[in-house]
1. Please work out the FRET efficiency for the pair ILE28 and VAL151, using the Cβ-Cβ distance as r and a Förster radius of 30 Å; give the result to the nearest 0.05.
2. Under the 0.36 nm per residue contour assumption, what length would be gained going from the current alpha-carbon distance of THR108 and LEU188 to full extension?
3. Roughly to the nearest percent, how much of the accessible area of the chain is carbon and sulfur, given a 1.4 Å probe?
4. Once every Cα of the stretch 127-190 carries one equal point scatterer and solvent is ignored, give the base-10 log of I(q)/I(0) from the Debye formula at q = 0.21, 0.22, 0.23, 0.28 Å⁻¹, two decimals.
5. Name the residue from GLY49, HIS113, LEU67 whose Cα lies farthest towards the positive end of the charge dipole of the chain, charges +1 on Cβ of Lys and Arg and -1 on Cβ of Asp and Glu.
6. With only alpha-carbon pairs counted, each pair once and no self-pairs, how large is the Kirkwood hydrodynamic radius of the stretch 1-90 in angstroms?
7. Hey, how much of the P(r) for the stretch 25-72 falls beyond 15 Å, as a percent of Cα pairs?
8. Under a Cβ-only charge scheme (Lys and Arg +1, Asp and Glu -1), can you give me the dipole magnitude of the chain about the Cα centre, in debye to the nearest 20?
Amino acid sequence: MKETADPWIRIGAIAGLIGAGFFSMMWIVAVIMDGHWVLGDQTLSELGGYRPGSIYFNSGAILEGVLSLIFAYGLWQSMKKSTVQRIGGLLLLCASCFLILVGVFPITTGLPHTIASYGFFGLALAATILLVRPLWNERGFGPIAGTMTVVAVVVSLAFLVLTNVELTEAVSVICLLVWSSVLSVMMLRR
């Protein structure tokens, strides 16, 4: 990590923790309000359609997307700028924008939501893959962060290959929430 203190690193870390916690809470509230959503049988996005908890899910996605932008920028500031890190960081910023769009364009909007959803998941996966080595090599993150990133990618891809999209989506989101939370704690430890 950079030797000089950068307030964006701390701000990004706090945003990462608040975003993960807030989205998790809103996801749970949406599930409770819905009463019929089943993990592994329905996509998360179905919680944002014409359902009782849609306002919680959609606002959770929007706010998590905004906070993820701040987290991604803080993460960017906490690392040396290699070409791979720059591309991975840019893709993480773009994934955050697509997450905002997931909430703005719920599943009931059809194609706009599909584009936002695929954009988010595809870019988040590409970003995490590209950030494995920069995180591994960065003092302050190191092998723990690199290994955790590899595990998040492998678990997400294994679920994609071995299970249905509905379960894969939920597991991938959980992996991203844990990943961003652990990196946020590492950023705060500076």
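1. Taking R0 as 30 Å, the efficiency between ILE28 and VAL151 is 0.80.
2. 24.9 nm
3. 75
4. These q points yield log10 I(q)/I(0) values of -0.79, -0.84, -0.89, -1.15.
5. LEU67
6. Hydrodynamic radius (Kirkwood, Cα only) of the stretch 1-90 equals 14.5 Å.
7. 40
8. The dipole of the chain has a size of about 820 debye.
The values are calculated or read from the model by the stated rules, or taken from the named source; none is laboratory data. From a predicted model like this one, the values you see are computed outputs, not experimental measurements. Counting neighbours? That spans all protein chains shown, and the Cβs are built from the backbone with ideal geometry, glycine included. Protein only, heavy atoms only, side chains kept; ligands, DNA and RNA dropped before computing areas. Shrake-Rupley method; radii C 1.70, N 1.55, O 1.52, S 1.80 Å.
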